[in-house]
Amino acid sequence: MRPYVLAETQYQSVKDTSYEVAVLPIGATEPHNLHLPYANDTITVTRVGEMACERAWQGGARVCLLPSIPFGVNTNQLAFPMVINMNPTTQLAVIRDVVDSLASYGVRKLVLLNGHGGNELGWVLRELYGGEVFLSLINWWTVSADQADRIFSQTGDHADEMETSVAMHLHPALTAPLETADEGKARPSRFEAINRGWVKITRPWHLLTTHSGVGDPRAATAEKGRQYVEIAVERISQYLVELAAATMDRTFPY
């Protein structure tokens, strides 16, 4: 039993533990080029959460990793088979219920640990601001972003070298050989303003990509993934330790 993983923990342990921070992993169910599993985001964010919570627990923080939400916002990928979409408003309703449940048990700090780029959760923090539970958000793949250029030869957007390297490190048995992947080329928009990024749209993924990948994964290695994940886990775990120890006084979190 890992006492920081709620799904594995018995009531005897839970009732005797005063949890200081809950962590909610949020993933997605969608294709990732031709070589990564549909649950890649969920599997990855769950594993990162487990590793970070383990390290934080060892550091004295009483953290609780909640069961992962396996569905994300995928309105723009429904042209691909078996994509499971959770609309943003549904996502809010689910998170609100989790927050209310935690509040009833006296857990007043919740970290949303996001593993899917389509889950743009900043607005959820604003919607639920001011209640009993303090929410913060970590898009886990951004935690190590300042080291990406050192570790990877190129960057992409989806099932690229980084995401593939992470998968090769965390769940290699579910990762197909790299020669099965396509090169992840993305079609530019006819509007230069969109290509430059100062006009935002919801991208129709089946038109943007050939096989749902954006970014060439073929230089990926498990060692690159290990380095990237290790940096993220260390930083996330340190935040969890600090958050658990912080007093929610009048000026919190400042």
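Does Asn85 satisfy the condition of being within 17 Å of the chain's Cα centre (by Cα) and closer than 24 Å to Tyr239 by Cα?
no
In the range 9-59, how many residues are open to solvent by 40 Å² or more (accessible area, probe 1.4 Å) and part of a strand (DSSP E or B)?
Of the residues in the range 9-59, 1 are open to solvent by 40 Å² or more (accessible area, probe 1.4 Å) and part of a strand (DSSP E or B).
Which residues, taken from the range 106-137, are farther than 30 Å from Ala159 by Cα and either modelled with pLDDT under 95 or touching a helix residue (DSSP H, G or I) at 6+ places or on another chain (Cβ under 9 Å) (or both)?
Val107, Arg108, Lys109, Glu127, Leu128, Gly130, Gly131, Glu132, Val133, Phe134
Given (1) crowded, with 17+ Cβ neighbours inside 10 Å; (2) of a type in the set (S, T, N, Q); (3) farther than 21 Å from Thr46 by Cα, where does Thr175 come up short, assuming only one miss?
All conditions are met except number (3).
Scan the range 178-212 residue by residue and report those that are surrounded by 15 or more Cβ atoms within 10 Å (Cβ to Cβ), among the polar types (S, T, N, Q) and touching a helix residue (DSSP H, G or I) at 6+ places or on another chain (Cβ under 7 Å).
Of everything in the range 178-212, those that are surrounded by 15 or more Cβ atoms within 10 Å (Cβ to Cβ), among the polar types (S, T, N, Q) and touching a helix residue (DSSP H, G or I) at 6+ places or on another chain (Cβ under 7 Å) turn out to be Ser189, Ser212.
If we keep just the residues of the range 213-237 that are open to solvent by 70 Å² or more (accessible area, probe 1.4 Å) and in contact with a helix residue (DSSP H, G or I) (Cβ under 8 Å, 6 or more places away or on another chain), which is nearest to Glu50 (Cα to Cα)?
Looking at the filtered set, the residue picked out is Glu234.
Hey, any hits in the range 118-140 for a residue that's touching an Asp or Glu at 6+ places or on another chain (Cβ under 6 Å) and not hydroxyl-bearing (Ser, Thr, Tyr)?
Within the range 118-140 (the criterion being touching an Asp or Glu at 6+ places or on another chain (Cβ under 6 Å) and not hydroxyl-bearing (Ser, Thr, Tyr)), the answer is no, since none of the residues qualifies.
Tally up the residues in the range 60-75 that are open to solvent by 40 Å² or more (accessible area, probe 1.4 Å), more than 14 Å from the chain's Cα centre (by Cα) and within 26 Å of Pro217 (Cα to Cα), please.
Within the range 60-75, residues that are open to solvent by 40 Å² or more (accessible area, probe 1.4 Å), more than 14 Å from the chain's Cα centre (by Cα) and within 26 Å of Pro217 (Cα to Cα) number 1.
The values are calculated or read from the model by the stated rules, or taken from the named source; none is laboratory data. This structure is a prediction, so every number in the text was calculated from the model and none was measured. Note that we place each Cβ from the backbone using ideal geometry, even for glycine, and neighbour counts take in every protein chain shown. Just so you know, the surface numbers come from the protein's heavy atoms only, side chains and all, with ligands and any DNA or RNA stripped out. Shrake-Rupley method; radii C 1.70, N 1.55, O 1.52, S 1.80 Å.
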